[in-house]
Structure formats: C-alpha cells, structure tokens
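Taking it in order: structure first as structure tokens, then the write-up.
All of the numbers you see were taken from the coordinates with simple rules; none came from a lab. Keep in mind that what you see is a predicted model, and the values were worked out from it rather than measured. When we count neighbours, we look across all protein chains shown, and the Cβ atoms used for this are built from the backbone with ideal geometry, even at glycine.
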Amino acid sequence: MRNFFVCNLLMTILLLSGCKDDPIEIGGQGKLTGKVVEDLTFLPVENAKITVSSINTTVFSDTEGDFVFEEVSAGDYSVSAEKDGFVTQFEPATISLNSTTNVVFELIVETALNDPPSTPTLISPENLSELLDIEVLFSWESSDPEEDSVLYRLEIGNDKNNEIIEIKDLTDTIYTMDNLFYGTKYFWQVGVNDGINAEVLSSVYSFTTKAVPFNRLLFVKNENFLSGIYSAVVNENNELIDEFKVSLDGENSWRPRKNPVNNTLAYLSFVNNNAHIFIMNTDGSNKRQVTSQKQIIGFDYNELDFSWSPDGGSIIYPNYDKLYRINSNGTELELLYTTANGNFISECTWNTTLDKIAIKTNDVNGYQVEIYTIDLSGNIIDVVLTGLAGAAGGLDFSVQGDKLVYTYDTSGFENTSYRQLDAHIFLYDFNTQISTDLSENKASGTNDLDPRFSADESGIIFVNSSNDGVSENYIYTSKLNANSRTLIISNASMPDWE
C-alpha cells in the first residue's frame, strides 16, 4: 500500500511539473497559417507582428494580412498579433503532426476602447441673452472619462456679416473677447477633442450685444496697410470713453462724414481700384454704394473730401475739375461747377444754413491752391486764399456759415511728394475777411491738419503729426479762445464731429 501511494505521488509531481508555458510535445511538426484583419471593416492589416509563444520565431503579415509559420513543433501555443494603433490580440493554436492550423486575428483599433469627452455645456453668455457690453466672457464645461488631455475650439459668428471667428487649441474653459459689434446678434459653439476620437460639438447658443451708443465722433485708423473707420464716445471733457470699429475688416475705408439729419454716414472706399462714395448705418450695417458713373477723383485720394447737403438728401463731390451732386440713393447725378482754369477740385463743404459751397482747388501736383466759395449757380462769392505757394486744405464751415477753418503750410514748401513742413490751422471770418492762426502753440516740426468744428462749435478737432510724413498721427481738440490743446486719440486721422 505504501509503495502504491509513493508511486501515485511521483506521478502527480511529474504531471504538475509539465504545466508550464512550454508546449506539450506530441511529436513531429505542423504548419501554422493565419490572417490579420481590422475588427469592423475586415480589411487586411499589413506588417502586423505575429509571435508564437515558446519559440523564437516572428513573422509579419503581408499586404493581404496573411502570415505563415512553416515548421512548428506539434503542441499547444498562444499566438499574438500586434501593431501600432491596434490592441494586441492573442489566439490559442494547437499544432498537429503534418497538418495545417489556421488562426484569424480581428484587431481592434486602439481608439475603440477610449471614450470621447463629454459634450460641452455652454454656461456664459446664456442662450438668448442681451448683453450690456461688447466685451464678452465665454465659459463652458466638459470632462474626459479617461482624463485625456483635451483641446477646445470656440467658434463665433454673427448676423451682420459672413465672418466666422475661430479660436483653436484652447486648454481652458473660459475665453474673453472684446471689440464685438454693437447691436449685433452672435452665435457661438464649442468643440472638444481628445486627440483620439472625433471632435464633440456643443449646442449653438446666441446672444445680442448692446445697442450702438450715440457717437458723434468718427475717425480713421490704419491697420495692416488698410484704413478703417472707427466711432468714439467722449465725455464732457473730451476724454475718450469708448471706441469701436464701424467698417468691415479687410475693407479700405476712409474720410467718414456723418449725415447731419439721419443716423447714417458716408465714406470713401475702392471698387476695382477706383474710389467711390458709400453710405452705411453708424453701426456698420446696410452698406450701399452711391457713386458709380462718375467716381470721386483728383490730385490725391487721401486729400479728397466731399460734403452732405444741408438736408442730408444728397452729396457733393469732386471729379477732377468738376463738382457733382448726387442723391444719397445714387440717382440724379448733376454737374454743379467746373473750374475756369482746369485745376482740380480736391475738397468741398456745403454750409448747413446758407446755400454756399466752399471748395479748394489745386494743380495736378497739389499746389497753386485757391480756396473760395460759390453759390449753387457756380458764381464765386468769397476768395479766402489765393496766390500763395505751398499746400492747403481741410475745409469746414461753421453752422451759421460766417466762419471757415482751413489749413495752410506756412513754409510755402513744394515738392513732388507733397510733403508739408509747417501746416497751421486758420479760422477765416467772412464778415471781417480776416484769418486767425489757431496753431500758434503747435510743436515745431509738426503739422496741424484736417480741422473740423466741434459739435458745439466752441472749438475744433484736428490731427497733429510729424512733418516727416511717416510718424504716428494724433487727434486733438482745442477751444477757439484758448491757447491749449487736448489729446484724445492716438494713431488716428480724418476726424469728423457732428
């Protein structure tokens, strides 16, 4: 009995010692073949690494996903298939003597085991909300089940133009944007991506910015070699409170002139390299072209100016040596005046009380300047400036029509680049026929340009810049009876204050 027990124990130990990774040697060899495909599409997977446990042989699947091990000892094995981008898979295989065993691997794409981030929940601004500002804080929430690193994409559109603002690769769930359009409905959406799954998009929310403030002050700024029109709010001390862009990005727009009657403004812009007059609302909407048959043209596009009629229903503008009037809707083009000597008309302004128009004429180089007034029949009434060398311009009537501001380069300098060295602002009194210098406190080496009467006509608004012609421009205000000036806007020009 004892010998029987010992024999059984030895048999058990021998059997247990054979339970390793090594295959059970049945004897002889067989063949192992197989195929590797994608889990869902069943398309072949090329260059998958195939490994058989317990032997030191590795093969790779071919273009059809097939592989073969020619001589494998008979026994039980674990076969693996692995490739970057897929989950490694194992399949059992029993190799029998002089026979072929076939296995198939259906590899799962690694991303199939990774869940996407949660759909972003939009928090601020609330859907359909009406904001009190044009600076907006966007915020949202989202999470990732595997705590993968995620990037957000914020997309913003509006009902004013076709522009879509896209901010990519955000790592935070808040983003602040300023200088949005006033009185505009915006739409926004957030997408989140974990770099593994497809982007997950939120719902689309909308909000409306506050209405356009009542802004009397307009000006021009140059950005990326283009001129854009801006509107500004100033307080009773002529201090800048707020400003926003009115014209569209990518559009070259300059010389804004606000309509004295309704809430529109006219300005200049190019069409096929020709300057034309356009009109739009003060918030930048409802843009329409006024001139077409006869463009506004003369000595220099930057020196050209036009004027609204007193009733705001039509516009007068220069075309070489001629002055035209056209209705604000682009109809009824009428020739008002032609210069007697063929000189170009560069600027004009129409008095809001009297049927009197002031014009500035010059030769093809911008010189031989004359400033005078005419009636609607083209008769010359007053001669303000004539017979002087140098540049001049910047005409604006007072409301009563008894005064006119203009600029004149007192250096009398003339050259082909139309550089001015010492431009002063003068106030001409039609009753006394005397011009008063308003630039006595101007810094030397600078020019005072583009004067306009302030809204209450107690002072003027104007541009001061270095006479090098390339430095930054500054917009100032000054009281007519005070030898002082106040800076209100930097890097700006062509002001208009109605």
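Per-structure values
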{"item": "Modelled FRET efficiency - R0 25 Å, residue 29 with residue 90, Cβ distances, 0.05 increments", "result": "0.65"}
{"item": "Antiparallel bridges, percent of DSSP beta bridges restricted to the stretch 21-113 (to nearest 5)", "result": "75 percent"}
{"item": "Pairwise label distance in nanometres, residue 109 with residue 486, each label 7 Å out on the Cα-Cβ vector", "result": "6.6 nm"}
{"item": "Exceeding the 32 Å Cα-Cα cut-off - candidates 160/403; 49/168; 356/479; 185/258; 403/442; 160/294", "result": "160/403; 49/168"}
{"item": "Fully extended contour minus Cα-Cα distance, from residue 375 to residue 210, at 0.36 nm per residue", "result": "55.0 nm"}
{"item": "Charge context of residue 433, other residues only, Cβ under 14 angstrom, K/R +1, D/E -1", "result": "-2"}
{"item": "Label point 7 Å beyond Cα of residue 118 along Cβ direction - residues of the stretch 132-155 with amide nitrogen under 13 Å", "result": "140-147"}
{"item": "Gap separating the Cα centres of the stretch 151-184 and the stretch 236-273, nearest whole Å", "result": "24 Å"}
{"item": "Extreme residue, positive dipole direction of the chain, given options 111, 425, 171 (C-beta unit charges)", "result": "425"}
{"item": "Around residue 452: net Lys/Arg minus Asp/Glu count, Cβ-Cβ under 13 Å", "result": "-4"}
{"item": "Estimated FRET transfer efficiency (residue 141, residue 241; beta-carbon r; R0 35 Å; 0.05)", "result": "0.50"}
{"item": "Assigned charges on the beta-carbon of Lys, Arg, Asp, Glu; the chain dipole about Cα centre (debye)", "result": "1240 debye"}
{"item": "FRET efficiency for residue 198 and residue 365, using Cβ-Cβ distance with R0 set to 51 Å, rounded to 0.05", "result": "0.20"}
{"item": "Sorted peptide list for 335-341, 309-315, criterion being average Cβ within 10 angstrom, highest first", "result": "309-315, 335-341"}
{"item": "Leading residue at positive end of dipole, the stretch 21-113 (Cβ point charges), from 97, 58, 41", "result": "97"}
